[in-house]
Amino acid sequence: MSTARDRILAAARANKPAETPLPTVPDFWGDNSLERFSTVLASIGGEVAQLASLSDLETTVHKLWPEAKLIASSLFTPTLRIDQHTPTDVLADVDLAVLPVELGVAENGAVWLPEANMLHRALPTVTQHLALVLDERCLVATMHQAYARLPDGPGGYGMFVAGPSKTADIEQSLVIGAHGARSLVVLVY
Amino acid sequence: MSYLTHASRAEAFTLDHERTSWHDETLWFVRQKRDKAVYAVPEFQELRNLASAIKDHTLSRLDEYLAQFEAAAQANGVRVHWAANAAEHNAIVLDIIRARGATRVVKSKSMLTEECHLNPYLIKEGIEVIDTDLGERIIQMRDEPPSHIVLPAIHLKKEDVGATFFKHLGTAEGLTDPQQLTEAARQHLRAKFLAGEVALTGVNFAIAETGSVVVCTNEGNADLGASLAPVHVASMGIEKLVPRLSDLGVFTRLLARSATGQPVTTYTSHYTKPVEGREMHIIIVDNGRTQQLGRPDFRASLKCIRCGACMNTCPVYRRSGGHSYDFTVPGPIGSILSPNIDLKKHSTLPFASTLCGSCTDVCPVKIDIHVQLYKWRQIVSEANHLPTAKKLGLKFMGRLLASPTAFKVSGMLGRKGLRLLPYGLTHNKTVNAWAIARELPEPPKQSFREWYAQQAQPAT
C-alpha cells in the first residue's frame, strides 16, 4: 500500500494544470520616512519614541515605564535575566521586554524581530509590555524591501510585529491587549 | 437523505430583524475599512495580479513545491507528516500528543482543523483542547461552529458573550464591556498557555524554498502557544504553499488589508526550526484538494488565502449569517469549495448568491468566484440535485423566455392579473416567495414593446 505522501504527490502531479510562469515581483518603491512609520504605527495602537542615542536607552526606559519592576533586555543590565532555558513561570512575570529589532516597515508599522534578538521565543508575547529598539537608518518602505533585507532569511523563528496585541472579536470593538503585549513602543535612534 | 437548504437555515437567522440588520451593517463596515486600506496602496491591483499569478504557478507545479518544502523542512529539523484525509490528519495529531503523554492542548485558529473536526475527536480521546483565539474560545464555550473565517463570533452580541463568560469564567452577571470581557479571557487563557503541553496552529503560508510556515494573528495567541509548549504541530492544506520567501512581500500586503482593513496583522510569525530539545511537526493535508485541482473550472478556488473579504461584501452572506451555509468556510468562497466535498449536501450553496460579482471584485488573489458559483449551478442541475419546484420553474421559465409570443402573452396576463386578482392571491407567501418580505411592483398599463410600437418612427 502506498503512503499518503505518495498518493498526494501522485494526485497533485496527475491533476495539476499546464505550467504557468512565476512572476518577478518588482520593487515597489515608496515612502520610508520615520514620519510615515510613526503615523501608521500610531493608527494601529503603537507608538514611536525618539532616543537621542542608544546610550540613553536605559534612562529613557525607566522614565517611560516607571512602574515596570521586572524588565528583561539584551541591551542593558536587566532586572530579570532571561535566556532560552528560562522556565515558564518566570517568563509569566515579565513586566517589560526591551529588545532590538532589525528593520522597520513604513507602510504598515511593522518591525522585524528575529529569534536571535528575543532572549526567549515567548518573551515578545508573554511580556506585559514591549519596547523595541530600532535604528532609524533601518526603515524600509514596503514588505518587499523588508523581505529582501532580512539579515538571516527567516531564521529559526522570527516575526514582524505591528503594534500591540489586539482583538475585535466582541462585536467588532477594538480592544488592545488580547493575549500578547498590552502596549508596544518603538524606540527609534 | 435530505438536507436543510441554505434558505431554510437562513430563515432561522433572519427571524431576529434587528440582529440581521446589525450583522449586515457591521460586515459592510469591515468591507468599507478594506476599501480605505486598499485605496491607500497605489499598486494594489498590481499586487492582486502578482498574487494570482504566483498562486497559479504554484498550483501548476504543486507536486514539485510540496517535495521541495518537505525536504527543506526536514533539513530544518521539522517532522513532516502527510494526511490524505481528515481521519488521517486527526490520527497523526493524536499520535503526536500521545507520544508525549500530553493531555493539555492549546490551539490557535485553523480552518483546516475545523474542516477535519479535530476538536471533538481529541476531546473524545480525553484530550483537553482549548481554542485560544478570543472569538474561537467564545464559540467553543457555546459549542457552536465559527460563522466567519476571520471573525468567528461575528454572529454574537456582547450580551451573548457576557452571558457565556458569566457561565464559564465567572465574570459578573450582566457584564457587557468588551474591554473587561477581553481581560477576563486574557487571564483565563494565560493560565492555559502557561500549562500547554502541545500547541496546534494553522498555517497561512508555507514557503517551499525555506521550509518555513507563516502564521498571522492579531492577538498573539499562536506565538504564545507555540513558543511556550514543548511541541508545536502546524496543520496545513497543500494549497498553502508559495515558492519563495520574497513572495510573502506580496501576500502580507494583501491579506490583512483585504480581511479587516489593517495594514498588516499584528504578528506575522515565521516558524522554520524548533528550539533545541523541542519538537515541531507539520502535517500536510489533502482532504479533497487534489480532486479540486483536477477540476479545471474550479481549481482556482485553491488560490484562496482565507481573508474573508468575499463574505464581508456578499449581500447574501451579510443577511443570512455564516451558520446558514453549514460548511466550515461560509460565504461565496465556501459555496464554491463545498460542492467539491459533497455535492448533494451543499447543492443549495451555489444558489446562495445574486451573482453580483462583488466577491470576485474584492478577492485579493482574483478567484473568479461568481463565475464558479454559476458553473456549480449547472453541475448541481445536471446531477439532478435541484428541488423539484426549482427544476420545473427553471424549465418553464426557459421555455417562456425562448418564445417571443409566450413572453408577450405572459407579460400581458401578469399585468392584468396583478390588477384584477385579489392581493391575498398575488402575494400568497406559499406560492410567491418574492412576497415574503416584499411588495410586487405596481403593474404598468402597457409593456415596453407596446409603448415602443406607438412611438413615431425615427426620421431616416
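The values are calculated or read from the model by the stated rules, or taken from the named source; none is laboratory data. Everything quoted here is computed from the prediction, not taken from an experiment. Positions of Cβ are backbone-derived with ideal geometry, glycine not excepted, and every protein chain shown enters the neighbour counts. Note: areas computed on protein heavy atoms with side chains; ligands, DNA, RNA excluded. Shrake-Rupley method; radii C 1.70, N 1.55, O 1.52, S 1.80 Å.
Taking segment B:197-214 as the range and being more than 9 Å from every other protein chain (Cβ to nearest Cβ) and closer than 23 Å to A:ALA181 by Cβ as the test, the residues that pass are B:ALA199, B:LEU200, B:THR201, B:GLY202, B:ASN204, B:VAL213.
Could you check, for segment A:89-112, whether at least one of its residues is open to solvent by 20 Å² or more (accessible area, probe 1.4 Å), more than 10 Å from chain B (Cβ to nearest Cβ), of a type in the set (Val, Ile, Thr) and out of contact with any Gly (no Cβ under 6 Å at 6 or more places or on another chain)? Yes, some residue in segment A:89-112 is open to solvent by 20 Å² or more (accessible area, probe 1.4 Å), more than 10 Å from chain B (Cβ to nearest Cβ), of a type in the set (Val, Ile, Thr) and out of contact with any Gly (no Cβ under 6 Å at 6 or more places or on another chain). So, of the residues in segment A:56-76 that are outside any loop (DSSP other than H, G, I, E, B) and among the hydroxyl-bearing types (Ser, Thr, Tyr), which turns out to be surrounded by the most Cβ atoms within 10 Å (Cβ to Cβ)? Here the residue is A:SER73.
Let me confirm something: among B:GLU18, B:GLU11, B:GLU43, B:GLU64, which residue is open to solvent by 60 Å² or more (accessible area, probe 1.4 Å), within 10 Å of another protein chain (Cβ to nearest Cβ), of a type in the set (D, E, K, R) and free of Cβ contacts under 8 Å to residues at least 24 places away in the same chain? Exactly one of B:GLU18, B:GLU11, B:GLU43, B:GLU64 is open to solvent by 60 Å² or more (accessible area, probe 1.4 Å), within 10 Å of another protein chain (Cβ to nearest Cβ), of a type in the set (D, E, K, R) and free of Cβ contacts under 8 Å to residues at least 24 places away in the same chain, namely B:GLU64. The set of residues in segment A:1-32 being open to solvent by less than 40 Å² (accessible area, probe 1.4 Å) and either of a type outside the set (A, V, I, L, M, F, W, C) or outside any loop (DSSP other than H, G, I, E, B) (or both) consists of A:ALA4, A:ILE8, A:LEU9, A:ALA11, A:ALA12, A:PRO17, A:PRO23.
Residues of segment B:115-134 that are surrounded by fewer than 20 Cβ atoms within 10 Å (Cβ to Cβ), assigned to a helix (DSSP H, G or I) and in contact (Cβ under 8 Å) with a residue 12 or more places away in the chain: B:TYR121 alone. Of all the numbered requirements in (1) touching a residue at least 24 places away in the same chain (Cβ under 8 Å); (2) farther than 15 Å from B:HIS370 by Cβ, B:GLU276 misses one, and that requirement is (1). Checking B:THR266, B:THR313 one by one, the residue that is open to solvent by less than 10 Å² (accessible area, probe 1.4 Å), farther than 23 Å from B:GLU88 by Cα and out of contact with any helix residue (DSSP H, G or I) (no Cβ under 7 Å at 6 or more places or on another chain) is B:THR266 and no other. Contact map, segment B:288-306: residues that are more than 16 Å from B:GLY334 (Cα to Cα) paired with residues that are open to solvent by less than 10 Å² (accessible area, probe 1.4 Å) and in a helix (DSSP H, G or I), Cβ distance under 6 Å, separation 6+ or inter-chain. Pairs shown: B:THR290/A:ALA12.
Where in segment B:318-418 are there helices (runs of 4 or more DSSP H), lying wholly inside it, with at least 1 residues that are closer than 23 Å to B:SER2 by Cα?
Filter on segment B:318-418 gives B:331-341, B:369-382, B:388-402.
Among the residues of segment A:1-49, those identified as in contact with a His (Cβ under 7 Å, 6 or more places away or on another chain) and under 30 Å from A:LEU187 (Cα atoms) are A:ASP27, A:PHE28. Listed by position, the strands (runs of 3 or more DSSP E) contained in segment A:86-189 that have at least 1 residues being over 23 Å from B:ARG186 (Cα atoms) and among the charged types (D, E, K, R) are A:151-154.
Every condition in (1) within 11 Å of chain B (Cβ to nearest Cβ); (2) assigned to a loop (DSSP other than H, G, I, E, B); (3) among the hydrophobic types (A, V, I, L, M, F, W, C) holds for A:ILE82 except the one numbered (1).
Among the residues that make up segment A:43-55, is at least one of them at the interface with chain B (Cβ under 10 Å from one of its Cβ atoms) and open to solvent by 70 Å² or more (accessible area, probe 1.4 Å)? Yes; the residues of segment A:43-55 include at least one that is at the interface with chain B (Cβ under 10 Å from one of its Cβ atoms) and open to solvent by 70 Å² or more (accessible area, probe 1.4 Å).
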